[in-house]
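*Asks:* I am attaching a structure below and will ask some questions about it afterwards.
The values are calculated or read from the model by the stated rules, or taken from the named source; none is laboratory data. Predicted, not measured: the structure shown is a model, and the values here were computed from it. Please note: Cβ atoms are built from the backbone with ideal geometry, for glycine as well, and neighbour counts cover all protein chains shown. Ligands, DNA and RNA are stripped out before the accessible areas are found, and what is left, the full protein with its side chains, is counted by its heavy atoms. Shrake-Rupley method; radii C 1.70, N 1.55, O 1.52, S 1.80 Å.
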Amino acid sequence: MTDEKRPALPAEGVPADRVLAELRALRGADRATHGGRLFAYVYDPAVPGLDELTAAAHAASAHVNGLDPTAFPSLLTMENALVGAAARLLGGGPGTAAPEVVGNLTSGGTESLILAVKAARDGNPQITEPRLLVPVSAHAAFAKAAHYLRVALDTVPVSPRTLRPDPADVAAAIRPETVLVACSAPSYAHGVIDPVEQIAALAAERGVRCHVDACFGGWTLPYLRRLGAPVPPFDLSLPGVTSISVDLHKYAYAPKGVSVLLHRDATLRAPQYFAFADWPGYTMINPVIASTRSGGPIAAAYATLRHLGDAGYLSLARQTRQAVAGLAEAVRRVDGLRLLAEPESTVVCFTSTDPTLDLFTLVDELTVRGWHTQPQFRYGDLPASVHLTVTASVAPTVPAFGPDLTAAVAATRAAGPVRLPAELLTLTGTLTPDALTPDLVATLVTGLGFGGPGAGGAVGSAGGVGPGDPDGGDRGAGGAVVPERMAAVNTLLDAAPPALRERLLVEFVSLLQRPTY
């Protein structure tokens, strides 16, 4: 049944069992969230019964509203408990260097980072043109925060060898208008931990707040340290760290979307709040961006932590560490590939050292073999790479990855590098973002093999464009078609300057997001 015959608002209501069947059919077009072959977007611990537990917990609180904690104290209790657990894990709480730590739950890492920037900006009202300083490897959500909050964004480079910023560069880039310095533990793209101790100390010397973005893998770092990994100090145990964020829907394995933003004390958090009483209605007081907040994700996260416990997370970290080691070894055994960084968290990231081994074609070949990996484009001196976010569920699949990687490399070499038409490369080199129009983009994506507006599942939020259905069929919605192989598209985007790439993808996603009637 097509979308046109299945409107969201039918003339007559649809029976419940049929609605659920429709939802299951729609979900059938998505990538599998379990099975250990999806290296992005979802975090699967492969714990039997956890899905059922969290679904039940979510349902029990889905209609409870976190807007008013006095009306729904259950959510306040759960939120305070989750914040306390995160604080304890990340160096705060009674008897630590940050005994007065406070925090809130947000909808995800992006909201946590936006609020960290807001608190720093509003905590320095005397600075009329505030600035945010981050490494170029910092998550794009910092750029989003700067854009939304009208804070100037300054960046420092990272070493092509270590993939980390030099603290001396950070020190040189701090200006009188800098309200926040940020670093990552670990960075998303490469999974390396920035020199947080040195950066936090530099910020403290200059009287500037320092935020640690541990949203991605920060929950698992303390457990990896307990397992013997050489994890450097990165959290509230460092006096210069004034705030830190960690996502519970990543390596705490809670359902989407719950993140924790911690501040060293209540004074630092105070500017994060928004309050408004100058109208006839209720006085609005929000600690986070959203006003209405469903209790479902909060309850699901609470159930997850209670069920897994500290011992459970230690076991999951052990499985993840073993999986990372196995995947990294599989990469090392392939001529023409090299690890971009020796894994130190939960990421395996590799690049090509062979001109005949095209990474974007390799991503397609891995997809055909049932592995969803994430292509990352060139940036400055950093080469294009393939990113694998590794979770505990990957451990059983590691023995199958090595042979499939070898076969995919052989197929990639046989296919040869992607050759784009010269006129297309010339257009990419001369076209400015302002010259793009929706009609031009529609013509371009059609020429690259897309069947038209409405296609689904194509664009990755943190990397390249994803391939089509690994089973051979094209993925799409509303009758549109996304090509099964995306190497040509990714090669074009890789050749485009970042500003043009941004505009191309904005226009492309705009083509996808059209209403059905």
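*Asks:* Determine the gain in length on full extension of the stretch E177-A415; use 0.36 nm per residue of separation and subtract their C-alpha separation, reporting nm with one decimal. Don't jump to the answer; show the numbers that get you there.
*Replies:* Numbers: separation 238, 0.36 × 238 = 85.68 nm, distance 5.23 nm.
This chain segment gains 80.5 nm when fully extended.
*Asks:* Let me ask something else. What length, rounded to one decimal in nm, is gained on full extension from E329 through to T437, with 0.36 nm per residue of separation minus their alpha-carbon distance? Display every interim value, and only then the final one.
*Replies:* Numbers: separation 108, 0.36 × 108 = 38.88 nm, distance 4.57 nm.
Answer, rounded to one decimal: 34.3 nm.
*Asks:* Label-point separation (nm) for R226 and Y282, each offset 7 Å from Cα along Cα-to-Cβ?
*Replies:* Going by the 7 Å Cα→Cβ label model, 4.0 nm.
*Asks:* Over the chain, how many pairs of lysines fall under 29 Å by alpha carbon, counting only those 8 or more apart in sequence or from different chains?
*Replies:* Lysine pairs meeting the criterion: 5.
*Asks:* Taking the simple approach of a point 7 Å from Cα along Cα-to-Cβ for both R161 and R206, what is their distance in nm?
*Replies:* 2.5 nm
*Asks:* Another question about this same structure. Report, for the chain, the % of DSSP beta bridges that are antiparallel, rounded to 5.
*Replies:* Details: 28 of 46 bridges.
Bridges in the chain are about 60 percent antiparallel.
*Asks:* Using the heavy atoms of the protein chains and a 1.4 angstrom probe, tell me the accessible area per residue for segment 315-380 in square angstrom.
*Replies:* Values: 2420 Å² over 66 residues.
Roughly 37 Å² per residue, with all protein chains present.
*Asks:* I would also like to ask the following. Hey, can you grab everything whose amide H is under 5 Å from the amide H of L153? Only 5+ residues off in sequence or another chain; H modelled, so Pro and N-termini drop out.
*Replies:* Hits under the 5 Å cutoff: L132.
*Asks:* Another question, then. Rounded, prolate or oblate: pick one for the chain, where a ≥ b ≥ c are the square roots of the eigenvalues of its C-alpha gyration tensor, a/c under 1.5 means rounded, and failing that, prolate if a/b is larger than b/c, else oblate. Don't skip to the end; give the middle numbers.
*Replies:* Details: a/c = 1.38, a/b = 1.22, b/c = 1.14.
Rounded shape, in that the Cα axes give a/c under 1.5.
*Asks:* Return a whole-number percent for the relative contact order of segment 220-333, with Cα pairs under 8 Å and 6 or more residues apart as the contact set. Walk me through the intermediate numbers first.
*Replies:* Details: 93 pairs, mean separation 29.1, N = 114.
Averaging sequence separation for qualifying contacts and normalising by length gives 26 percent for segment 220-333.
*Asks:* Moving on. Based solely on its DSSP helices, what 222 nm [θ] is calculated for the chain when runs of n ≥ 4 H residues each add -39,500 (n - 2.57) and the sum is averaged over all residues, nearest 500 deg cm²/dmol?
*Replies:* Values: 16 runs with 201 residues, N = 517.
-12000 deg cm²/dmol, from helical runs alone.
*Asks:* Applying 1/(1 + (r/R0)^6) with R0 = 35 Å to the Cβ-Cβ distance of A56 and R514, what FRET efficiency is obtained, to the nearest 0.05?
*Replies:* 0.45
*Asks:* Taking the mean number of other Cβ atoms within 10 Å as a proxy for protection, how do you rank 182-189, 503-510, 78-85 from highest to lowest?
*Replies:* Numbers: 182-189: 27.0, 503-510: 17.1, 78-85: 19.2.
Highest to lowest by the protection proxy: 182-189, 78-85, 503-510.
*Asks:* Out of all DSSP beta bridges in segment 187-297, what portion is antiparallel? Express it as a percent rounded to 5.
*Replies:* On the way: 8 of 11 bridges.
Here the antiparallel bridges make up roughly 75 percent for segment 187-297.
*Asks:* For the pair L149 and E100, what calculated FRET efficiency results from E = 1/(1 + (r/R0)^6), where r is the Cβ-Cβ distance and R0 = 22 Å, to the nearest 0.05?
*Replies:* 0.25
*Asks:* Ok, one more. Which order do the peptides 315-328, 294-307 take when ranked by the mean count of other beta-carbon atoms within 10 Å per residue, highest first? Spell out each step's value before the answer.
*Replies:* Values: 315-328: 20.4, 294-307: 22.4.
In decreasing order of mean packing, 315-328, 294-307 become 294-307, 315-328.
*Asks:* Now, a different point. For a label point 7 angstrom out from the Cα of T406 toward its Cβ, which stretches of segment 321-340 have the backbone nitrogen within less than 12 Å?
*Replies:* 330-331, 333-335
*Asks:* Can you give the FRET efficiency for D30 and A266, using 1/(1 + (r/R0)^6), R0 = 45 Å, r = Cβ-Cβ distance, to the nearest 0.05? Please list the in-between numbers first.
*Replies:* On the way: r = 42 Å, r/R0 = 0.93.
With a Förster radius of 45 Å, E is 0.60.
*Asks:* Among 161-172, 487-498, what's the highest-first ranking by average C-beta atoms within 10 angstrom per residue? Show your work: numbers first, answer last.
*Replies:* Working: 161-172: 16.6, 487-498: 20.8.
Going by the mean number of other Cβ atoms within 10 Å, highest first, we get 487-498, 161-172.
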